[in-house]
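Everything below concerns the one structure shown next.
The values are calculated or read from the model by the stated rules, or taken from the named source; none is laboratory data. From a predicted model like this one, the values you see are computed outputs, not experimental measurements. Here Cβ is always computed from backbone atoms with ideal geometry, including for glycine, and neighbour counts include all displayed protein chains. Heads up: the accessible areas ignore ligands, DNA and RNA and are worked out on the full protein's heavy atoms, side chains in. Shrake-Rupley method; radii C 1.70, N 1.55, O 1.52, S 1.80 Å.
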Amino acid sequence: MAALVCEALRASGRRTALYTSPHLVDIRERMLVDSRPIPATAFASWTEELAETIEQTGASFFEATTAIALADFAARGAEIAVVEVGLGGRLDSTNVLCPVVSCVTQVGREHTDYLGESLEAIAREKAGIAKSRVPFVVGEPDERLAHLLAEAAARTGAVVNRVAGARRYAGTLRLRGAHQRRNAAVAEAILQNLPEPFRPGREALERGFAKAYLPGRLDLRGKWLFDVAHNPQAIDALVAGLGELRPPRPLHALVGILRDKDWKTMLASLETAVDTLWVTHSPTAPTSRRWDLNGVLQELGIRIHAEPDFNRALEQAQVGARTVLVTGSFHTVGDAMARLPGFAPLG
């Protein structure tokens, strides 16, 4: 979504910044201006300059990186920034900004310990980014949740624009998967709600959408297929994408999922679409969030292979495969890309 909006703005001639999270391999992936990451020297300099304030305020990692990103965007002369919320919305550090347009794309049951157990509670937290007299785009396809988001935003005085649940973008996309057509329709609504000085014309929008690319999203490179799907909703989109893409078989999947995700549902869906499943631990995943592979084996038994050592799992998953799918989390995809020559997003 953010990448689509960013590329359309760039195609219209705007110097555009993009802030996303999490990263795959290098933290500098989060902070781009005209597709160029923050230089390593600049990242080190901003970290040093802001260190005292970060320590004094007790800022979280995400709060610190948000401050560094915004400082960098200003220093590099960005005209407009596309800023992705980290978690929720109402209390997210990005919510200090006063946007020219804001959007909630879809509500999923994630981070329930912070956002609430129900989809309704999560929707209310996400609607917290709405601002008075600022366009607020609702991309949620579920009618009930979309209505809740629209109502919550309207109470703040935001100008609500809902994208019809069945709406799809029909133009050329580099991004694969039917879900990306829905994302493009929502991105189109975001761009159409920008104030006139920033609103791109149709030709720029179409050029930008045709160029937009995100590493690790149905990202096929030779025999490797990377997808950062990390919840049941995203796994379902991945499985649908596999049906469209039809990668060469046998198709083996190397999967690493964080323990606080609904891994049973995710693996059950994925199992129907691949020939062999390998499960493993992602080296960069926090130890406290690593899933219990013994529990996974007990749940699924002989239908999967388990190898806790990531490097060995990466090797073993390739044996006999014409396509190797790496999925389950940003950690899993990033750790694989870091180990495969030439695959890391920043080279």
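Once neighbouring chains are kept in place and the probe is 1.4 Å, which whole percent of the accessible area of segment 1-81 is contributed by carbon and sulfur?
53 percent
What percentage of the solvent-accessible surface of segment 115-173, computed with a 1.4 Å probe over protein heavy atoms, is contributed by carbon and sulfur atoms?
Here it works out to 51 percent.
Considering the convex hull of the alpha carbon atoms of segment 74-141, report its projected area averaged over all viewing directions, in nm², one decimal.
5.2 nm²
Taking all pairs of different Cα atoms in segment 42-102, averaging 1/r and flipping that mean, what Kirkwood radius in angstroms comes out?
One over the average 1/r among Cα pairs gives 12.5 Å for segment 42-102.
Could you give log10 I(q)/I(0) at q = 0.07 Å⁻¹ for the chain, computed by the Debye formula over C-alpha point scatterers of equal weight, without solvent?
For the requested q values the scattering log ratios are -0.30.
Quick check: from the Cα gyration tensor, does segment 231-317 come out rounded (a/c under 1.5), prolate or oblate?
prolate
To the nearest 20 Debye, how big is the dipole of segment 203-263 about its Cα centre, given +1 on the beta carbon of each Lys and Arg and -1 on that of each Asp and Glu?
Computed about the Cα centre, the dipole is about 300 debye.
Could you state how much accessible area Arg168 has, in square angstrom rounded to the nearest 10, with a 1.4 Å probe and all protein chains kept in place?
130 Å²
On alpha-carbon atoms, Rg over Rh for segment 15-76 using Kirkwood Rh?
Here Rg/Rh amounts to 0.95.
Give the dimensionless ratio obtained when the Cα radius of gyration of segment 131-218 is divided by 2.2 N^0.38 Å.
So the Cα radius of gyration is 1.17 times the expected 2.2 N^0.38 Å.
State to the nearest 20 debye the size of the charge dipole of the chain about its Cα centre, where the only charges are +1 on K and R beta carbons and -1 on D and E beta carbons.
1160 debye
I'd like the accessible area for Ser329, computed on protein heavy atoms only with a 1.4 Å probe and all protein chains in place. Round to 10 Å², please.
Taking all protein chains as shown, Ser329 has close to 0 Å².
Using only DSSP helix segments of four residues or longer, with each worth -39500 (n - 2.57), what per-residue ellipticity at 222 nm results for the chain after dividing by its residue count and rounding to 500?
Taking each H run of at least 4 residues, the total per residue is -12000 deg cm²/dmol.
Roughly how many Å is it from the Cα centre of segment 64-80 to that of segment 285-322, as a whole number?
If you average the Cα positions of each part, the centres end up 39 Å apart.
Please work out how much accessible surface Asp335 shows to a 1.4 Å probe, ignoring ligands, DNA and RNA, in Å² rounded to 10.
Around 10 Å² of this residue is reachable by solvent.
Given labels modelled 7 Å from the Cα in the Cβ direction, how far is it in nm from Ala121 to Ala240?
Taking the two extended label points, one gets 2.8 nm.
Within the accessible area of segment 277-328, what % is carbon and sulfur when the probe is 1.4 Å and the other protein chains stay in place?
48 percent
Roughly how far apart, in whole Å, are the Cα centres of segment 333-347 and segment 204-245?
First find each Cα centre; the distance between them is then 16 Å.
Can you divide the C-alpha Rg of segment 1-139 by 2.2 N^0.38 Å and report the result to two decimal places?
The reported ratio for this selection is 1.08.
Using a 1.4 angstrom probe, figure out how much accessible area the chain has per residue, in square angstrom, rounded to the nearest whole.
46 Å²
Considering the Cα trace of segment 216-272, what is its radius of gyration and what is Dmax, both in angstroms?
When restricted to Cα atoms, segment 216-272 yields Rg and Dmax of 11.0, 32 Å.
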